[in-house]
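For reference, the structure discussed in these notes is given below.
The values are calculated or read from the model by the stated rules, or taken from the named source; none is laboratory data. Note that the structure is predicted; figures quoted are calculated from it, not measured. Here the Cβ is made from the backbone with ideal geometry for all residues, glycine too, and neighbour counts use every protein chain on show. Quick note on the areas: whole protein, heavy atoms, side chains included, nothing else; ligands and nucleic acids left out. Shrake-Rupley method; radii C 1.70, N 1.55, O 1.52, S 1.80 Å.
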There are 2 protein chains.
Amino acid sequence: MKKRSKLLLSSAAALLFVGISNAYADEALPKVPPEPADNPTTAAKVELGKQLFFDPRLSIDGTVSCNSCHNVMSSGTDNRATSVGVDGQRGGRSAPTVWNAAFLTAQFWDGRAATLEDQAKGPPLNPIEMGMPSEKAVEERLSSIPGYVEQFKAVFGEEDAVTYDNMAKAIAAFERTLITHDSPYDLYVQGNKQAMSEQALRGKEVFEKSGCNSCHSGANFAGPTELPTGQGFYQHFPTYDSKHVKIYHLTEDKGRYEVTKAKDDMNKWRVPSLRNVALTAPYFHNGSVATLDEAVRVMAKTQLDKELSDQQVADTVVFLESLTGERPEISMPRLPDTTGSSLVGTVK
Amino acid sequence: MKKRSKLLLSSAAALLFVGISNAYADEALPKVPPEPADNPTTAAKVELGKQLFFDPRLSIDGTVSCNSCHNVMSSGTDNRATSVGVDGQRGGRSAPTVWNAAFLTAQFWDGRAATLEDQAKGPPLNPIEMGMPSEKAVEERLSSIPGYVEQFKAVFGEEDAVTYDNMAKAIAAFERTLITHDSPYDLYVQGNKQAMSEQALRGKEVFEKSGCNSCHSGANFAGPTELPTGQGFYQHFPTYDSKHVKIYHLTEDKGRYEVTKAKDDMNKWRVPSLRNVALTAPYFHNGSVATLDEAVRVMAKTQLDKELSDQQVADTVVFLESLTGERPEISMPRLPDTTGSSLVGTVK
C-alpha cells in the first residue's frame, strides 16, 4: 500500500466530499442562467452592457476594458498567468473565464462578490486593474458620452440613470448571455451517444471514479448550482501536501482567508467551473500550471491523493475537452462617440 | 496690416500650396480603395485578417492587438496622445486612425511604409508596441494555432502559408474594408443639399478660403489620392512660427527627417486625412492638442499664418464634423483556439 500524503484539512471535510459525490448526476447546462429579480434581462440592456464590456474608457487611461482580461472572442480569459492592468501593472490572480460565470453562486476566486453585478463593480476601481479613482469618476465619465446617457435613460427609465450600479447591472445582463451550449458532453447527456469519443468516455470514468466530481459537480462542473446567491462552494486547495504545492506555490495566496480572516478559510477557493477548461490555460488561481495534463495530475494528487497513470491523465484531458461548448455569435458593439475631444487623451 | 509670422519653409514650397489649392474639387469617397495586384481582396482573407487584427497573441505577452490602438469599435484610434504597448510602454506618436487608411499612398505619420501590408509588419516587431522578437517568432506562434494554419493554407494556397508576409497581407485586406461612407459631406457632394447644415457650409467656406484644402485636398482630405503607391504627400508642420509651436512641442519630433535624414524633410509629415477627424482627438503627431477647435486654430496659424475668429473656428469644426462617415457593421471574430496550453501564459 502506498504511503498516504499528509492530509491538510480535517477528515470531516474530506468525508463531505463523498457525500456530495453520491449526489452527482450528468446534467446538460441549462439554456438560460438565473437572473436577479431587480435586474431582469432585456435586449436593450444587454446591448448597453456589451458596449460597456468592450469600452476601454472604463479604465483611467483608456487602455483596459472588461474584454482585455475576459476576451469573449476566445476563451473568456486572457490566457495569461495573471492579467495586466493600467500602467503595465500585474494582478495577483489569474482572470477566470466569463463564459458561464452567470451560473456561479459567488464570483471571484475567493467568492467575495455575490453576483455578477457585484463583481462588475470591482475591476474599474481596482488600482492595478482599471484604476478609476471612484464610482463618481466613472459616472462622470459615462455621463459625458451622449450615447451612453441616452441608453441608460432608455434602459433604466430613470432621469439620473447613469449610475455605477446601473453600469454594473447592464454589464451583468450582457454576461448572462455568455453561455456555452452543445458541448460534446451536453449532446451526449441529451442522448447523442456518439457525441463523445471512447477516450472521452474513459476519461469521464477516471474523472468520476477518482472523485473529481466530488467538487466539480453539477451542470457547471463547479459544485451545486442551487446554492443561495452569494453562498459560494469552497474547498481547500491544496488538500494534501505534495511536491506540487511547493513547485507551483499553491499555498502562498491564502484565498478566501484574505476576505474573511477565518482560520478555516485558509487556502480555501471557490471551486471553478471546468466548462471550456481546455481553452483557459494556464491553470489555477495563480496561473502557475501551464498545461491541462499537468493540471489534472496536480489536482488528482493534491485534492484526492491519487497518482494517475499517463493514460488516465490523457483520457481525463480528452474528457475535459468534451466540456468545450459552442460560443454564441456576438455582434460587434459600436462604442458611443465623443466628438472634438477625448476622455482619455490627456490622462497621463 | 498685421505682422506676418516667421516663415519656416521656403516660399517655393508655400507657392506650391496655391497650385494644389486650385485643383481642389468636392469629391465623395470612392466605394472601394485601391488594392495591390499581389494581394487581391477575398472574403476568406478578410476574415483571416480580421482575426489577426483582433488577436492579442500577435504581441509577446498577449496583451496588445492591432485593435488596442486602432479600435474599430470606435474611432479607429485609442484616443490617447500616445499609445501604450507591452509592459506599459508609451509610444512616441499618436496612433492614426485605421478608418480609410487604405486610401493613403504612404503609411505612418512619416510615410515610411508604402502600403498597408508594409505598415502591418511594423507594430508586431516594435519593442515598445507588441514586442515580438522576430518575424520567425511570429510565424512560429501562428503556426502553433491550428485554426490559423488551416486558414492561411486555404487563403494563400501554399503549403507553408503561415508567413509574416502573408499575415500582413491578410491584415491589410481586412483594413481595406474599413472605409466610412455616407458622411453628411459625401451625401451633400452627391446631391443631397440638405445633408449639411448652414453652419457646416459656412465652415466649408472658411476651410476653402483659408487654404486648408491646399493640403487637405482630395476625396480623403489627405492630399492627392492618385500618387504612386509609396509616394506620400508631405508638408512641413509647422510652417509658420507661433506661440503654438512651443506650447505644443510641435518641432521636437523631426518627422520624416528621422527616416530620410534629408534636411528638407525636417519636421515634414504625411498630411493626415480629415475624415472622421471629429472622433480622433487628441490631435497631431504627438497628440498634444486636446480639442478639435484648438487644432483648427493651431493649423490656421502655423500652416497658413491666419488668426481665425471664434465664429470661424466654430463653423470649421462643424464642417469637419460633417466628414464623419458611417462605419460599416463588423461581425465579431472568433479567434482560433489552442487547447490545453496557452501561447502567452508563461511569458513574463
Quick one: B:ALA102 ticks every box in (1) out of contact with any Lys or Arg (no Cβ under 6 Å at 6 or more places or on another chain); (2) buried (at least 21 other Cβ atoms within 10 Å of the Cβ); (3) closer than 28 Å to B:LEU292 by Cα except a single one, so which number is it? (1)
Considering the range A:157-177 alone, what residues qualify as being under 28 Å from the mean Cα position of the chain (by Cα) and surrounded by fewer than 21 Cβ atoms within 10 Å (Cβ to Cβ)? A:THR163, A:TYR164, A:ASP165, A:THR177
Residues of the range A:328-342 being more than 7 Å from chain B (Cβ to nearest Cβ) and within 30 Å of the chain's Cα centre (by Cα), in sequence order, are A:PRO328, A:GLU329, A:PRO336
Taking the range A:69-81 only, how many residues are open to solvent by less than 30 Å² (accessible area, probe 1.4 Å) and more than 10 Å from chain B (Cβ to nearest Cβ)? 1
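Looking at B:TYR257, B:TYR240, B:TYR283, can you tell me which residue is buried (at least 17 other Cβ atoms within 10 Å of the Cβ), over 27 Å from B:TYR188 (Cβ atoms) and hydroxyl-bearing (Ser, Thr, Tyr)?
One residue alone meets the criteria, B:TYR240.
Can you find, within the range A:298-317, the residue that is farthest from the other protein chains (Cβ to nearest Cβ) among those that are surrounded by fewer than 21 Cβ atoms within 10 Å (Cβ to Cβ) and under 20 Å from A:ALA278 (Cα atoms)?
Ranking the candidates gives A:SER309 first.
Consider B:THR339 carefully, then state whether it is open to solvent by 10 Å² or more (accessible area, probe 1.4 Å), outside any helix (DSSP H, G or I) and within 30 Å of B:TYR148 (Cα to Cα).
It is true that B:THR339 is open to solvent by 10 Å² or more (accessible area, probe 1.4 Å), outside any helix (DSSP H, G or I) and within 30 Å of B:TYR148 (Cα to Cα).
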For the list (1) open to solvent by less than 20 Å² (accessible area, probe 1.4 Å); (2) of a type outside the set (Phe, Trp, Tyr); (3) out of contact with any Asp or Glu (no Cβ under 7 Å at 6 or more places or on another chain), I need the number of the one condition that B:GLU205 fails. (1)
Answer with yes or no whether A:LYS45 is within 22 Å of B:ASP78 (Cβ to Cβ), more than 9 Å from every other protein chain (Cβ to nearest Cβ) and assigned to a helix (DSSP H, G or I). no
Being away from chain B (no Cβ under 11 Å), under 29 Å from A:TYR234 (Cα atoms), open to solvent by less than 40 Å² (accessible area, probe 1.4 Å) and under 15 Å from the mean Cα position of the chain (by Cα) is the requirement here; does A:ALA95 meet it? yes
